[in-house]
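Contents: one structure, followed by commentary.
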Amino acid sequence: EEYYRRIEAECLNDILEAQRDVVIAISGGVTGNVVAYERILSDCVTVWLRAKPEEYMRRVLAQGDHRPMAKSDNAMAELRALATKREPQYQRADITIHTDNLSPADITRKIQQAMS
């Protein structure tokens, strides 16, 4: 994970140094990468796509990613704990969109409205 976080920070810096208008989707774990997350918060408009942990899990599984469940009998409890731990950092986002039961088009509209 340390290697992944270092590459994440380097890629983020490369993107931000290019000074283009882009949308960057980052992992929720970026909050643990203090340097990268602080850079995001200072240089970007940030949007927290908030959902219930059950919805996060449903979305991941729907994408065919079974890692959250593969090695844990308590995956849902672990996901809830992780979401709770990260929430104070997520709350630092400029915009929060509650995404439960919304389509991608609905979420996009809400983000556009919030940025207007």
Self-check item: Single unsatisfied condition, THR46 versus (1) among the polar types (S, T, N, Q); (2) open to solvent by 90 Å² or more (accessible area, probe 1.4 Å); (3) in contact (Cβ under 8 Å) with a residue 40 or more places away in the chain
Solution: (2)
Quiz item: Name the pairs: first residue in region 3-17 and in contact (Cβ under 8 Å) with a residue 12 or more places away in the chain, second residue small (Gly, Ala, Ser), Cβ to Cβ under 7 Å, at least 6 apart or on different chains?
Solution: GLU8/ALA36; ALA9/ALA36; LEU12/ALA36
Quiz item: What single numbered condition from (1) more than 15 Å from the chain's Cα centre (by Cα); (2) surrounded by 13 or more Cβ atoms within 10 Å (Cβ to Cβ); (3) at pLDDT below 95 fails to hold for ALA114?
Solution: (3)
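Name the residue, out of ILE111, ILE24, that is touching a residue at least 60 places away in the same chain (Cβ under 8 Å) and of a type in the set (A, V, I, L, M, F, W, C). I'd like the intermediate steps shown before the answer.
Details: ILE24 fails: touching a residue at least 60 places away in the same chain (Cβ under 8 Å).
Matching residue, one of ILE111, ILE24: ILE111.
Go through region 70-116 and count every residue that is assigned to a helix (DSSP H, G or I) and under 14 Å from THR31 (Cα atoms).
Looking only at region 70-116, we keep the residues that are assigned to a helix (DSSP H, G or I), and these are 70, 75-90, 104-115.
Narrowing the set further to residues that are under 14 Å from THR31 (Cα atoms) leaves 82-90.
Residues flagged as assigned to a helix (DSSP H, G or I) and under 14 Å from THR31 (Cα atoms) within region 70-116 amount to 9.
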Exercise. Considering only region 73-91, state which residues are open to solvent by less than 50 Å² (accessible area, probe 1.4 Å) and touching a helix residue (DSSP H, G or I) at 6+ places or on another chain (Cβ under 6 Å).
Key: ALA75, LEU79, ALA83
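Residues to consider are GLY64, GLY29; find the one that is open to solvent by less than 60 Å² (accessible area, probe 1.4 Å) and assigned to a loop (DSSP other than H, G, I, E, B).
Working: GLY29 fails: assigned to a loop (DSSP other than H, G, I, E, B).
Just one listed residue meets the conditions, GLY64.
Name the single residue that is farthest from ASN13 (Cα to Cα) among those in region 40-61 being among the aliphatic types (A, V, I, L, M) and modelled with pLDDT of 85 or more.
Step by step, filter region 40-61, then rank; the result is MET57.
The values are calculated or read from the model by the stated rules, or taken from the named source; none is laboratory data. Predicted model only: the values in this text are computed from it and were never measured. Positions of Cβ are backbone-derived with ideal geometry, glycine not excepted, and every protein chain shown enters the neighbour counts. When the accessible area is computed, the model is the full protein with side chains, heavy atoms only, and any ligands, DNA or RNA have been set aside. Shrake-Rupley method; radii C 1.70, N 1.55, O 1.52, S 1.80 Å.
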